[in-house]
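The values are calculated or read from the model by the stated rules, or taken from the named source; none is laboratory data. Everything numeric here is computed off the predicted structure, so don't read it as measured data. Cβ sites come from the backbone with ideal geometry, for glycine too, and all protein chains shown count toward neighbours. The protein model used for the area step is the full one, side chains on, heavy atoms only, and it has no ligands, DNA or RNA in it. Shrake-Rupley method; radii C 1.70, N 1.55, O 1.52, S 1.80 Å.
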Amino acid sequence: MAAITTLHPKTIEIVQSTVPVLEKHGEQITKRFYELMFSNHPELLNVFNHANQKQGRQQRALAAAVYAAARYIDRLDAILPVVRQIGHKHRSLGIQPEQYPIVGKHLLLAIKDVLGDAATDEVIAAWAEAYEAIAAVFIQVEKELYEEAAAKPGGWRGFRRFVVAKKGKESDVITSFYLRPEDGGTISDFLPGQYVSVKLSIPGETYTHIRQYSLSDAPGKGYYRISVKREGATAEKPAGIVSNYLHDHIQEGDVLEVSAPAGDFTLNLTKETPVVLISGGVGITPLLSMASTLAIRQPHRQTTFLQAALNGRVQAFDQELRTLAENPAFSYYVCYEFPSDEDRKHPHFRKEGRIDLEWMQTVIPSKDADFYFCGPVPFMKTVYRALTQWGVPEERIHYEFFGPAGDLTKD
Ligand SMILES: Cc1cc2nc3c(=O)[nH]c(=O)nc-3n(C[C@H](O)[C@H](O)[C@H](O)COP(=O)(O)OP(=O)(O)OC[C@H]3O[C@@H](n4cnc5c(N)ncnc54)[C@H](O)[C@@H]3O)c2cc1C
Ligand code: HEM
């Protein structure tokens, strides 16, 4: 890690004193920032997720990162873990150092626009300096991540062409795609819990679309498997672009562009602590990879898998989990929100309704375990709160968002 730039004390003072202002106008500034940036650099619409933009999720994620950086501007090393997590996402998207000044320029323009006279030349100059220091940290962390991914046996930089070797239905809404490299070469190992980015050029769409998909099988099998939930249209929202395209138009033999596995939501295979994996809906994908890896690498390690699904029709990977549960060290419990009569006969069905702490305490042998969970945000909030209420220490709680990271402690 290269040395972190030291800023002038006056710059630090100005930047830190503007944190409350940023907090007040944060989302407005980032919203303006995106408007300006996309109008001057429409090519960036090839990498940003348009749905996240429309729903303001990305605005909130970026605003949170900027506040954090501003708060720690005098000791940027404190934000390195967060930078690393974002860096994984940036690396999987293919973000480049030369794009940082573009973001910086438009962020400053937006600050000026929103704050008006309050954004004096002195404030803008201090922020320009601070942004450069923050960007340098991101660029360095990402350089290391790019090098790491490329240096692995079977690794690569950027996007590589993968052929869909097999497409298979996992439930009424989830379909798996087994991907093998078109070049016939080897593919790098990954840590269970990691994801890849898939880049699609969809006929009729002006821009490419990139989405992340967790790898749902264990590493070392010669293919990557992704399992995609169809995001159907409802009265309130349009159908998801990429998931529907994958379901409806990508067939065996077709090619997808895929970046090397990334992400820091990974199972620690050097520990022997009991593991509890808790999934909601399609959030099962990284957790199933963890469960399948445990079966190969640590079959003796006590594992409890709680799967929440609306009902048996949309529940995925039940057969794989039933097979894993033949191992006495592996327990599998199913929670259906709306079980059918047939669902009630499922041998692992234990809970009707939504997951709650009371039920978790009846099936999880001990809170002295490492907990991993993933699912829709409300589900994640429930699980996170249940675990903290139970007294599980923060360092034993691990989770992944299927979108820009949020705050599970807030409503
Ligand atoms: C680390 C990570 C891992 C992931 N792993 C998986 C996985 O294993 N499996 C999986 O299925 N998904 C996974 N995802 C989610 C995935 O990346 C996509 O977000 C998902 O497939 C939806 O993409 P889409 O293009 O179909 O929908 P998008 O077009 O991106 O839309 C997303 C949602 O926003 C709604 N929306 C769009 N526009 C608007 C609007 N104007 N107003 C209101 N709502 C709107 C859509 O209806 C849809 O529900 C993961 C995400 C991350 C970050
Ligand atoms: C210091 C500058 C930057 C900061 C603080 C920052 C911060 C963030 C954060 C917090 C996220 C969300 C991560 C998550 O998924 O949880 C993110 C995602 C992203 N960033 Fe950055 N970023 C910076 C620079 C850049 C640059 C230079 C680009 C390229 C032009 C870029 C492109 C993206 C894209 C495309 C995403 C994913 C967006 C999505 O899927 O909606 N970022 N960034």
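Assorted remarks:
- Largest accessible area first, the residues Glu98, Glu352 order themselves as Glu98, Glu352 under a 1.4 Å probe with ligands, DNA and RNA left out.
- Largest-first principal axis extents of the Cα set of segment 185-272 (Å): 47, 34, 21
- Taking 0.36 nm per residue of separation and subtracting the Cα-Cα distance, full extension of the segment from Lys237 to Asp254 would add 3.2 nm.
- Within the full protein context, the accessible area of Glu148 is estimated at about 90 Å² for a probe radius of 1.4 Å.
- Global form of segment 280-357, assessed from the alpha-carbon gyration tensor, a/c cut-off 1.5: prolate
- Each of Gly204, Gly184, Phe317 was placed along the dipole of the chain (beta-carbon charges, centred on the mean Cα), and the one lying farthest toward the positive end is Phe317.
- Rounded, prolate or oblate (a/c below 1.5 giving rounded, otherwise prolate when a/b exceeds b/c) for segment 262-411 by Cα gyration tensor: rounded
- Chain lengthening between Arg350 and Asp264 when straightened (0.36 nm per residue, less Cα-Cα): 27.8 nm
- Note, ³J(HN,Hα) from phi for segment 220-227, Karplus 6.51, -1.76, 1.60, rounded to Hz, x at Gly and Pro: x, 9, x, 9, 10, 10, 10, 10
- Cα gyration tensor shape of segment 10-54, rounded if a/c is under 1.5, else prolate or oblate by comparing a/b with b/c: prolate
- What the phi angles of segment 187-194 give under the Karplus curve with 6.51, -1.76 and 1.60, with θ = phi - 60°, is a coupling list of 10, 5, 5, 9, 9, x, x, 7 Hz, glycine and proline written as x.
- Accessible surface for the chain, divided over its residues, is 47 Å² per residue with a 1.4 Å probe.
- In this simple spin-label approximation, Tyr67 and Glu132 carry label points 7 Å from Cα along the Cα→Cβ vector, and these lie 2.8 nm apart.
- Surface calculation, 1.4 Å probe, protein heavy atoms: Thr175 sits at approximately 20 Å² accessible.
- Taking only protein heavy atoms and a 1.4 Å probe, the accessible area of segment 216-356 is 49% carbon and sulfur.
- Chain lengthening between Ala78 and Asp407 when straightened (0.36 nm per residue, less Cα-Cα): 116.6 nm
- Value of relative contact order over the chain, rounded to a whole percent, pairs C-alpha under 8 Å and six or more apart: 14
- For segment 123-173, radius of gyration divided by Kirkwood radius, i.e. Rg to Rh on alpha-carbons: 1.32
- A Stokes-Einstein calculation at 10 °C with viscosity 1.306 mPa s, built on the Kirkwood radius of segment 20-173 over Cα pairs, returns a diffusion coefficient of 92 µm²/s.
- Rounded to the nearest 20, the Cβ-based charge dipole of the chain about its Cα centre (Lys and Arg +1, Asp and Glu -1) stands at 580 debye.
- Spatial extent of the chain: Rg and Dmax, with the Cα atoms as the point set, Å: 22.4, 70
- Solvent-accessible surface (1.4 angstrom probe) belonging to Leu108, in square angstrom, nearest 10: 40
- Note on segment 132-235: with charges restricted to the Cβ of Lys and Arg (+1) and Asp and Glu (-1), its dipole about the Cα centre is near 480 debye.
- Long hydrophobic helices in the chain, taken as whole DSSP H segments with a C-alpha length of 20 Å or more on their own axis and mean Kyte-Doolittle hydropathy at least -1.0: 19-40, 57-71, 100-115, 121-151.
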